[in-house]
Amino acid sequence: MDDALERPRPQPATSTRDPAEEESSGDEDGGLDWTKLPKIGTVRPVIPKRGEKDFEPVPGGGSGLQAHVLDRSRAAMFDALKADRAISSKSASYGVWYPGISRVHVTVARGIHFSAMGHSAARPTPANDGSTKLQKRLELLPEEAIYLIERGSLFCWKDIQADLVGLGDVEGAPMSVQQAFAEMVGKEDLTLEKYQVFAYLRRLGYMVTRTDAPSPSYPVPPPRLANDAVPSSFFRRLTSLFSLFETKLFGFLRGTSNWRRPLRISRWIHHDKSYGKVFKSLRFMPSGHSVAPKSSCTLPVAPSSPYEIFYNLYKPSTNFRKTSPPQPDFQIVVVNARAAFVPSLYELTQLFDVLPETPPPLPRKRTTPAKVQPSPAAAIAPPAHASTFRRIFSWLLPSLTPPPTSPQYRPNPFAALKAGKKNIVIAAVDSGNISFFRFSQGAFEEWPTL
Amino acid sequence: MSLVNPTSRSKASSKPSARRAETARIYAHPLPIIFPEPTYTFLGLSLTRPLNPHCTALLDPITRSAWVENSGDAAILWQRGFFGKGDLSRSEPSWLARQINARKMKGKGLTSEEITAKRRAERKQFKLDRAKAMAAAAAEAEVAFKEEGRVIAPGIAPDGTRIIPSAATWKPTSISVPSEESPPDDTPDELREEIEPIQDLEHLQLSLQEAFFLVWALDCLTVLHPETNEPLTLAEIWNAFQNAHMSSLAPLLALPPPRFDNPFLVSYIAYHHYRSLGWVVKSGVKFCVDYLLYKRGPVFQHAEFAIVVIPVYEDPQDQANSPFKLQNAEPFTWSWLSTINRVNSQVQKTLILSYITIPAESRVPSKVLSSPACFAHYSVREVVLRRFIPARMRD
């Protein structure tokens, strides 16, 4: 490849996209309309907006007009590419790559990147009196280092076991981008696919950190509370016990359940004679993710499975402090799309097991407040079994029952079904093309339509 | 809106709200069973009996379907729960209505197939018009460049308006509008009897899953033997429906080999699961998937979810020994997943991977397979799949 094209660009790529463009289908269609470039393009390169295709080829070759328009576009493109891509020496950072520990020690940190990248680690450093003592220093993971080197923000030398006291002592040229890729990909679990995902998300402004700390000094979010804080667990257990009793009792009234004829409509109980009851009585197949799928293998997921969460992802708007990162917005698995199949149920279950449950999405804000629905049993749809018990219980002990959740915030069932309960993002990378999929734990059994 | 029911057709020209109310009235019942309003309730007890229509269908093992040939039964099964499809129609059995329409030769009360055909013809005309306008605009721009050296954007008039027709504003011109002064609606009915009446050649075909749901879960269908026309017992149906997926040589009512991964059982689990949650479940083969889920039914709104049934063997050994090659049991490639997801996001449906676990033969004794009691050993888990687009999720 031409070396001139490899030179880094100083411009953060994120600033040139406008919201209207993001609504379109992303990087997938159309080329760039270079003629729409502003005339300052020769000073500072800017990524142009896309334009419409002007014409279709005419049978019998191009016409004078077409040739003219093409020439104009081509000239604009060359003008844009001709621009010098330079970086101010004041915003360049400097570092040293230590292959032995797979880290880049940042000796001079400049620019905004270090608010979201790099961590401090204590390393034995030779002091002036000849002894060594632990000293904290700023270090970069391989993906962070490649990213900064690739975009021209970091000049990185390779540690050559020389006595490095100051920057002046380092000899030779900094690592080239090619050398950085060759040396750093493969270190500290970094694959090319993982780097490509990292770089893509960083360029969009996301904060990307490792899920599992590669070293003890790497800051990770605090562990989540194990029992997800269910205040009404006693209440819930009582409820489920009662609902079991209720099913047994009604089963007795209706006659024992019969696999030859599963639908039992009691001739007497008026409550039975509705479609809701009919559908409910047909729901006897085990469903949902609350129980792990059975397997006759001791290890349903092979130890070599690539489905392990690798990155934590924070939206650009997150108030992110890299020394104490919050719980991530998304967690990402990166796989090679050609080498891995879509995850099996067992692999997905294993991923979901470590993920937190997200609350159902709130309905869109309306101008007028939603009407309060009178029937609490209809309003609180998800724990479909609790209604009878709750009614009796609230009648007996009105003060003890928790107030029903405000129906105003009842989520739209379609939105709740689509959002799922737990989310994992899987990035399937096929030689540089990344497709992100979100796999969510569905909960159809909690949202019956009738 | 039903096109088979004559009362609805006569009102079809009224306002959209009235039409919607009419649709809601025709399809008021989500299941063939009807619960009449109780005349008298006392302490939560009532004596009204649910009305069960008791329809009849003929099993056709070759097409793996059950045929409802009585048009009254077919209408009941379609209007109350959207079961089956007409064998000569896209969904609702509307062949007879189409024939009558064709005979009347007027554009009123079109069936959905006819509406689609009309829309396609208009769309084709629009594309021709647009191509013509674009070619004309390009030629004009070419002339302007050659003669005056001006570069004008083709397709845009000097005052800035677009000349090229857009799909949003283009109107068909040549399509004849049905005149409002057509004779009143009662004449065709007389005419129909004067001319030789059309015999309804269409039947409603139920998939085996639908038929079994109606027979077993709702008890409102009787399935007849294809040769003897005798009603089949539940045990015979149980065997016959499983045999339908074996090689065609197996005798109809023979005992099927006891296998938990019989394709009928696996697909029935998924069908029953979503039916029992109140969804209307239709085939999704046109969208690369197994089932489509409609909220109330296809006449009310488009399908919201597309279900891919993925069988999961609890014991990989069972899969290795299986005589069936269950679809989607082998792991998916990412390209196939993308394919399915692209197709379905194009039509605004959310893709659901529905994992059905198949009990291990070593865990569950195979004698439970002699009756539907085996369903309790399967399980269903959904995974919702969507594309994640980081560029649009930034805030």
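Quick rundown of the values:
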{"read-out": "C-alpha center-to-center spacing [the stretch A:120-156, the stretch B:300-339] in angstrom", "value": "49"}
{"read-out": "Extension gain (nm, one decimal) between A:Asp430 and A:Asp212, 0.36 nm per residue minus Cα-Cα", "value": "76.1 nm"}
{"read-out": "Pairs of Cα atoms farther than 17 Å apart, the stretch A:316-365, %", "value": "61"}
{"read-out": "Within the stretch A:93-190: Cβ-based charge dipole about Cα centre, in debye rounded to nearest 20 (Lys, Arg +1; Asp, Glu -1)", "value": "260"}
{"read-out": "Given A:Lys315/A:Lys421; A:Lys280/B:Lys282; B:Lys85/B:Lys295; B:Lys15/B:Lys282; A:Lys280/B:Lys286; A:Lys294/B:Lys282, the pairs whose alpha carbons are separated by over 26 Å", "value": "B:Lys15/B:Lys282; A:Lys280/B:Lys286; A:Lys294/B:Lys282"}
{"read-out": "Sites A:Ala127 and A:Ser304 - FRET efficiency at Förster radius 41 Å, r taken between beta-carbons, to 0.05", "value": "0.35"}
{"read-out": "Simple spin-label estimate for A:Thr323 and B:Gln317 in nanometres, 7 Å along Cα-Cβ", "value": "5.8"}
{"read-out": "Modelled FRET efficiency - R0 60 Å, A:Arg283 with B:Ala121, Cβ distances, 0.05 increments", "value": "0.85"}
{"read-out": "Inter-label distance for B:Ala28 and A:Arg338, nm, one decimal - labels placed 7 Å from Cα along Cα-to-Cβ", "value": "6.2"}
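Laboratory data are not the source of any read-out in this text; all were calculated from the coordinates shown. In this text the structure is predicted, and so the values were computed from the model without any measurement. Positions of Cβ are generated from backbone atoms using ideal geometry, with glycine treated the same way; all protein chains shown enter the neighbour counts.
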